[in-house]
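The structure appears right after this line, and notes come after that.
The values are calculated or read from the model by the stated rules, or taken from the named source; none is laboratory data. What you see is a predicted model; the values in this text were computed from it and never measured. We place every Cβ from the backbone using ideal geometry, glycine too, and count neighbours over all the protein chains shown.
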């Protein structure tokens with residue numbers, strides 16, 4: 001395959017297979033570990049430290065995303081995608097060997113360094129190989145992988161965590177060991193079939209910008225994960241905010257000074273497509289991750305599902321994402337137009353969030369699952385075309401940094417959304433449960449159940465007084481008589497409704513932002529071919545300039 005050629009469909013599918021395996025593991029890792037974390041923490045005697053295993057992964061994966069984008073633009077994608085897969089394999093193997101929560105957190109940080117490159121580089125590589133008009137249909141498969149992992153994660157996590165031993169090894173350790181052979185297969189496939197031209201050119205690497213970004217994000221992500229426990233106005237939280245503010249100022253100054261060689265060139269934000277896409281991705285991340293975070297909790301607490309079953313119950317959401325992403329990709333390939341899809345997707349997401357806010361303790365499960373389909377269709381129609389728009393508008397030399405920036409802003413929005421919405425949920429929950437408990441005490445069904453099960457009433461009163469601790473182990477609800485469990489479920493549903501209303505308000509802002517997304521003609525050439533043509537034109541211009549110069553000879557005579 002020469003620089004100018006677009007690879008065949010068969011070649012792209014082969015490359016896609018390796019990239020999807022790697023990206024599947026990165027997406028799966030977060031949900032599968034979250035489901036099993038309690039079992040892992042108990043086995044490693046580190047229950048109070050379990051949040052740090054998640055925080056460490058989040059910090060390193062988020063920080064490394066823009067670094068991969070910039071460095072791969074400078075020195076080529078292949079070495080960095082192979083590096084990210086290799087680091088992910090190493091981190092996974094080490095996680096399986098952990099003997100304490102401190103070790104697990106450190107090894108999860110290593111794993112996160114690898115995961116940070118898998119998603120953004122996979123999208124960038126497809127941008128290199130495929131013209132924008134055809135690109136959407138291939139990128140839709142990545143979103144299908146993302147959705148599938150959200151269902152399989154809780155199922156596999158529950159299975160491994162619930163199995164005492166497999167081949168003489170603790171069941172939960174296979175959550176990490178299973179990554180090794182799959183990622184190794186992805187490494188082999190990518191190394192053998194991915195052939196991209198290298199464009200190694202002398203550059204200054206923006207290490208000061210990278211350091212400033214780390215100083216900004218580490219305290220910000222830490223307080224986003226730990227702030228609810230510390231208290232948002234505590235000394236530790238305020239110190240994190242102050243350090244992050246200093247880091248952000250230093251980052252902006254550094255990026256301005258480095259200009260075109262900056263880690264994230266500020267010039268990109270002057271482009272309307274990039275600015276709108278980055279802003280909408282941040283808002284979408286908040287509404288999507290923050291809003292959907294409480295959905296599995298609803299399925300477990302109100303519907304009484306196990307974590308494994310709750311994962312399976314979100315299958316309509318995944319089917320919606322797959323349908324929305326694949327359909328939008330096919331239509332973009334046929335029509336060459338992309339702007340309508342994120343607009344319609346945002347409308348569908350807004351409608352779904354408003355409908356979720358109407359879900360209560362007595363809402364039939366089938367109605368909730370129908371709303372999941374609507375939400376999935378909105379997500380599938382939104383995420384994929386925005387990436388296509390950014391890659392189409394970006395210079396062929398900046399596909400990596402443009403793609404990773406969209407992924408980065410979506411991740412940051414999701415982190416912030418999770419922190420905000422969980423804080424809203426846990427703030428409202430005690431009062432909502434107490435209100436529901438008080439209202440239920442006057443009903444004959446509650447009074448009869450209370451007289452029959454006085455011990456259960458005490459358990460419910462304890463939960464109403466400390467709802468946050470009750471959410472750490474909600475299994476007691478399943479042991480309550482139905483009339484006694486109902487107030488807790490009503491209190492949770494009412495609190496959840498406010499979370500979805502706030503998410504809907506944020507999504508409304510996202511809809512207004514995405515309306516300003518311009519629709520540019522989709523380029524007919526892949527990024528590799530376009531870059532090769534640019535370089536050929538530059539060489540022709542240089543040769544023409546050289547031949548037009550007058551010969552240099554002795555002066556005088």
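Of all residues in the range 122-144, none satisfies being closer than 27 Å to residue 45 by Cα, touching a residue at least 40 places away in the same chain (Cβ under 8 Å) and crowded, with 24+ Cβ neighbours inside 10 Å. Is at least one residue of the range 191-205 in a helix (DSSP H, G or I), over 21 Å from the mean Cα position of the chain (by Cα) and in contact (Cβ under 8 Å) with a residue 60 or more places away in the chain? Yes, the range 191-205 has at least one match.
Taking the criterion of being over 26 Å from the mean Cα position of the chain (by Cα) and either in a loop (DSSP other than H, G, I, E, B) or over 24 Å from residue 70 (Cβ atoms) (or both), would at least one residue in the range 170-186 satisfy it? Yes, that holds for at least one residue. For residue 229, indicate whether it is touching a residue at least 40 places away in the same chain (Cβ under 8 Å), surrounded by fewer than 18 Cβ atoms within 10 Å (Cβ to Cβ), outside the structural domain of residue 380 (by TED's automatic domain parsing) and assigned to a helix (DSSP H, G or I). Taking the combined requirement at face value, the residue satisfies it. Among the residues of the range 382-410, those identified as modelled with pLDDT under 85 and within 13 Å of residue 284 (Cβ to Cβ) are 383, 384.
From the list 289, 251, 269, exactly one residue is in a helix (DSSP H, G or I) and surrounded by 23 or more Cβ atoms within 10 Å (Cβ to Cβ). Which is it?
On the way: 289 fails: surrounded by 23 or more Cβ atoms within 10 Å (Cβ to Cβ); 269 fails: surrounded by 23 or more Cβ atoms within 10 Å (Cβ to Cβ).
Being in a helix (DSSP H, G or I) and surrounded by 23 or more Cβ atoms within 10 Å (Cβ to Cβ) holds for just one of 289, 251, 269, which is 251.
Which residue, of 512, 484, is within 24 Å of residue 343 (Cα to Cα), out of contact with any strand residue (DSSP E or B) (no Cβ under 8 Å at 6 or more places or on another chain) and modelled with pLDDT of 70 or more?
Just one listed residue meets the conditions, 512.
Residues that are in contact (Cβ under 8 Å) with a residue 60 or more places away in the chain, surrounded by fewer than 24 Cβ atoms within 10 Å (Cβ to Cβ) and part of a helix (DSSP H, G or I) within the range 302-317 comprise 307, 308, 310, 312, 315, 316, listed in sequence order.
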